[in-house]
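Take a look at the structure below.
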Amino acid sequence: MFSNSSKTSASSAETTKAEKKPQLALRWLSLFFSAFSFAVVLHSLFSPDAKETLSSQAIYWFSISFIAAIIPWAKEFELGSLKITLQEFKDELKSIKKEIKEISESRYANLVYLLDSQGNLAIIQRPQYDNRWIPCGTRLEPNEFPHEAVERIISEELGLARRSYDFWPEFSEVTYEETRMVPKPYQVQIESSEHLRGKGGEAISQHYDFVYVCTTFDEMPSLREKYVVQWISFRKFKREIALAQKRGESFTFHDVEITYERILRDMGKLDLL
């Protein structure tokens, strides 16, 4: 029993010693910086060559040296009416770090509802989403405009060239000096995406989708065969959803169903189908 207690005490002492190492290193570093800053102060005050240029900075360097020397040692200090508590400062840093982490883990992507001239939708079966059928989409590359990602993903996943379709509503890019007018998305979706994973395998809390609508000039042009893709009419789309529900499955995501119907209604095609 006593030997286990001794081991626990020794382990605790080693842990405490390990935790103090960064603090000791910070203190030595602060002392070095403080000495350097104080040397600059002396140089600025007594050096004839540097007096004119550095004397105005003497108070600044002295303040820096004082703060650098005092912070690692004090848990709390006051500057005039400002009371600084290091624990509050640490808590604030943790909060900022958490916000940065959440932002860095966010995903920006687009989703493209490609419709043919008759209102049929091009959809792809996604194994990673339990084989649900959804429009094509992609994660945005660094510095890539969302509408440029639309053209890239239609080419990569559906095999259609830019000349075979256009953005809806129709759009012509215009540039006014330094201002570039580009196609705006049909809508922007902010989704909870626990099924997505970051580089470290952690769940991603939010997923931002820029939703675009494009229409082909022909009826159901041929699509790339390397993916499981199909053109589907709105009636068949609704019928497949109902059949999947009877089997206890999901044909697509609910937002895809709602958005497809809304697009057709805005186009004035819903009553014609």
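A few remarks follow.
- Taken over the stretch 231-255, the criterion of being closer than 21 Å to residue 187 by Cβ, under 32 Å from the mean Cα position of the chain (by Cα) and among the charged types (D, E, K, R) is satisfied by 255 alone.
- Residues of the stretch 219-237 that turn out to be assigned to a helix (DSSP H, G or I) and either among the acidic types (Asp, Glu) or touching a residue at least 12 places away in the same chain (Cβ under 8 Å) (or both), as a count: 3
- Residue 177 fulfils the conditions (1) at pLDDT below 90; (2) over 22 Å from the mean Cα position of the chain (by Cα); (3) surrounded by 13 or more Cβ atoms within 10 Å (Cβ to Cβ) except for a single criterion, (3).
- Residue selected from the stretch 94-137 under the condition of a type in the set (Phe, Trp, Tyr) and in a strand (DSSP E or B), by the criterion modelled with the lowest pLDDT: 108
The values are calculated or read from the model by the stated rules, or taken from the named source; none is laboratory data. None of the values given here were measured: they were computed from a predicted structure. Cβ: placed from backbone, ideal geometry, glycine included. Neighbour counts: every protein chain shown.
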